[in-house]
Amino acid sequence: MIKGHETAPILRVAVPVPLYGGFDYLDIDETGRTPVGSRVLVRFGRRRLVGIVIEHADDSDVPAARLRAIEKVLDDTPVLDDELLGLLRWAARYYHHPLGEALATALPVALRRAKADQTPHRHRGWQQVDPAPADEDDLLARAPRQRELLAAIRAVSHPTAHSHLLARFGNAQAPLKALQERGLIEPVELPGALERGGAGSAPTLGAGSAPTLGADQQQAVDHLCGLDAAFHPVLLEGVTGSGKTEVYFRHMARMLAAGRQVLFLAPEIGLTPQLIERLRARFDAAIGVLHSQRSEGERADVWRAARAGDADIVIGTRSAVFTPLPRLGLIIVDEEHDGSYKQQDGFRYHARDVALRRAQQCGVPIVLGSATPALESLHNANQKRFAHLKLPKRATGAALPPIRVIDIRSRPLLGGLSDPMLGHIERHLTAGNQVMIFINRRGYAPALSCHDCGWIAPCTRCDAPLTLHGGGARLQCHHCGAAEAAPPRCPSCGAKELIALGAGTERVAGALRSRFPDVRIARFDRDSVARKGRLESQLADVASGATQLLVGTQMLAKGHDFARLTCVGVLDVDGGLFSADFRAAEHMAQLVTQVAGRAGRADLAGEVWLQTRHPEHPLLHRLLAGGYNAFASAALSERRDAALPPFGHLALLRAEAHDLQSPQEFLTQAAATINVDADIACWGPVPAPMQRRAGRYRAHLLLHATRRARLHPALDHWQRVLGELPGARRVRWSIDVDPQDLL
DNA sequence: AGCACGCCGACT
DNA sequence: GTCGGCGTGCTC
């Protein structure tokens, strides 16, 4: 073939701006082409931005005179391989988000900056000194924390990462230094961000200390191990304590032995040190951990190690779904129903759904695990799109506790607690057992009100009351973060009697303290465990039995098993029954089922009590009578009747502005561009349930399609025209595909 | 989103 | 007379 004309070396580059489509640049590579997936530094208008090469082109629609050359290629090897770039292109299209921003979201923060430096960070670690000094016991007699740390360091034969110790023990700086000075441990430099699991014992993958399986577990493992290396989506529905993790581990061991990488996703709250510890203890493999407390340098190092194929297992939260894994063989999504898998701003992807797409694209099996699967996943299983494996029994043989209600209509509440609830608590405490009280509100009370005129302390920037904190001394907005001191008298009428309305964790804990003064009580919410290591030490006190009574928010619902916990109380289920959000009942049922899973053991029967003003509510009734499965089938038929997900398909167009009218005007214009028919409808525009938040007025337009195939063309159309609407400049707008909540 | 350009009000 | 408000246009 004869070259008819000179072909210009043109690169299509995605830059992190809210503009759809790529931008063309001239390549500066003399010898070949800068590979697709590379990071490049480009001039963009007057700015310099880090973009990603997404395509090679031979010519451009842009006049040659206006094309600029890229300034610099930032990496020797592309940061994104074809597989990951393909996944992100799909995700950007599916979620109707500009590709450049989607790519930037997927990259570790350190790689979003224009630094070519790729040398891995140095990682500090500790190892024990051999031989230990003879007077060790005397040295550490009065230093329990040092003993604890030393034991952890000695538990494994290889050095322990400093960051790992901090994540597990909180601020361990001082005791580590003391141990070093006493000649018991010494600092070492670790090669990378990966942790080596496997206690240094046999190199057999996954063989070490594997517990024997129950019949259901064995069946699930047999099914999973019988799958060939292809896309096989599996929903693993296992009640709390049924040993889901052991089933994952068996499947993982097989994949690791075959030389494949495993991606393990967990919600932030489920990615506990215990889980990571179990992984480390079990697998003699290189493990990359991506949790929120990791530094950006460490995250970038895990990313690079995964891309190089050095990491065998990558475990992380939502964004870990975008880790490059050239040998990917298996994806596990633990607690797949968890709402934290959906990103709630910017690039609003759902990590579970992206993971499904990724597994399909790579042709690998994927396991979605939960005790309370999302209705979407149950529907997929019912439709035979997913295999459905069940672990209906607890591994210990313990029965699931009965769940019963306390009708609190016309009953006085003491700090949110009814008399019967206090009676149950007392009964279990007296028996020497532990009790957990669950309330989905942090702070002292959700509002401060004037007893005389009814005034309620409002946030100045949001349409919401301020929450009382600090025993009633401070006011705080849970939506915008504003904080102030509680006023001494009513600003509206001057009356001195201001009263706290309702109860949060702080008030409940206080009421329990005065009722049970001799019982040790621990509070678990974002405020009380904010300090690093505090959560771990509080949990340790529960595990040792020192703490008998636990009060907390949903962070108590998952992951931790306490030997003597026999009674769980849920104080506010009604919020889930009457919310504007169509998923509220589903979340309530998941929460109740999850917390119920905390109670009782083989030898100690447990019970669960729910306070409600609506004991006859049909969905609550189904949940109590038939468990989560009965609830789910009732909820699914309600969804079918209302054509809501998974039977209908939704996208939300959000708009916000500093003034009241602009969002409404823009959304009205947007609605007018859709040709409504039997299969596709626009609902709204309507003001958001909380119209003003952080000083911005917000409104929504809901797009509803009976078939998925009709939703996306309509969104493609919106993507093209919305920016051109006259009202678009006056608002901040975004498209949310498969919105998690309509708030 | 940024960042510039451009045309109308209250200040040294 | 200038500093600065935010409307409008553009980014290969």
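The values are calculated or read from the model by the stated rules, or taken from the named source; none is laboratory data. Everything numeric here is computed off the predicted structure, so don't read it as measured data. When we count neighbours, we look across all protein chains shown, and the Cβ atoms used for this are built from the backbone with ideal geometry, even at glycine.
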Exercise. Among the helices (runs of 4 or more DSSP H) confined wholly to segment A:577-677, which include 3 or more residues that are in contact (Cβ under 8 Å) with a residue 60 or more places away in the chain and more than 29 Å from the chain's Cα centre (by Cα)?
Worked result: A:661-672
Exercise. Somewhere in segment A:294-307, is a residue under 30 Å from A:Arg394 (Cβ atoms) and aromatic (Phe, Trp, Tyr)?
Worked result: no
For this session: Return the pairs, sorted by first residue and then second, in which the second residue is within 16 Å of DNA strand B (Cβ to nearest atom) and in a loop (DSSP other than H, G, I, E, B), the first residue lies in segment A:42-62 and is under 19 Å from A:Ala92 (Cα atoms), the beta carbons are less than 7 Å apart, and the residues are 6+ apart or on different chains.
Result: A:Val50/A:Arg113; A:Val50/A:Ala114; A:Gly51/A:Val15; A:Ile54/A:Gly22; A:Glu55/A:Gly22
Seminar exercise, completed: Among (1) modelled with pLDDT of 95 or more; (2) in contact with an Asp or Glu (Cβ under 7 Å, 6 or more places away or on another chain); (3) away from DNA strand B (no atom under 16 Å from the Cβ), A:Asp24 falls short only on (2)
Exercise. Out of curiosity, is A:His560 at pLDDT 85 or above, part of a loop (DSSP other than H, G, I, E, B), under 24 Å from the mean Cα position of the chain (by Cα) and not aliphatic (A, V, I, L, M)?
Worked result: no
Problem set entry | Selected residue [at pLDDT below 95, small (Gly, Ala, Ser) and within 30 Å of A:Gln383 (Cα to Cα)] from A:Gly241, A:Gly183 | A:Gly241
Exercise. Among the residues of segment A:19-73, which ones are among the basic types (Lys, Arg) and near DNA strand C (Cβ under 7 Å from one of its atoms)?
Worked result: A:Arg43, A:Arg66, A:Arg68
Exercise. So is A:Leu571 more than 28 Å from A:Leu375 (Cα to Cα) and surrounded by 19 or more Cβ atoms within 10 Å (Cβ to Cβ) or not?
Worked result: no
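Return yes or no: is A:Arg12 free of Cβ contacts under 8 Å to residues at least 24 places away in the same chain, out of contact with any Leu (no Cβ under 6 Å at 6 or more places or on another chain) and within 12 Å of DNA strand C (Cβ to nearest atom)? Step through it out loud before you land on a result.
Numbers: free of Cβ contacts under 8 Å to residues at least 24 places away in the same chain: no; out of contact with any Leu (no Cβ under 6 Å at 6 or more places or on another chain): yes; within 12 Å of DNA strand C (Cβ to nearest atom): yes.
For A:Arg12, the condition - free of Cβ contacts under 8 Å to residues at least 24 places away in the same chain, out of contact with any Leu (no Cβ under 6 Å at 6 or more places or on another chain) and within 12 Å of DNA strand C (Cβ to nearest atom) - is not met.
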Seminar exercise, completed: Restricting segment A:687-743 to residues that are in a loop (DSSP other than H, G, I, E, B) and farther than 20 Å from A:Arg461 by Cβ, the one farthest from DNA strand C (Cβ to nearest atom) turns out to be A:Thr706
For this session: Note down all Cβ pairs under 6 Å where the first residue falls in segment A:22-33 and is assigned by TED's automatic domain parsing to the domain that holds A:Ile52 and under 18 Å from A:Ala64 (Cβ atoms), the second is more than 16 Å from DNA strand B (Cβ to nearest atom) and small (Gly, Ala, Ser), and they're at least six residues apart or on different chains.
Result: A:Asp24/A:Ser60; A:Leu26/A:Ala69; A:Ile28/A:Ala69
Seminar exercise, completed: When every residue in segment A:33-76 that is farther than 17 Å from A:Lys115 by Cβ, touching an Asp or Glu at 6+ places or on another chain (Cβ under 7 Å) and of a type in the set (A, V, I, L, M) is compared, the one farthest from DNA strand B (Cβ to nearest atom) is A:Val36
Exercise. Going through segment A:254-300 one residue at a time, which ones are within 14 Å of A:Ile332 (Cβ to Cβ), in contact (Cβ under 8 Å) with a residue 40 or more places away in the chain and surrounded by fewer than 20 Cβ atoms within 10 Å (Cβ to Cβ)?
Worked result: A:Arg254, A:Arg260, A:Gly270, A:Leu275
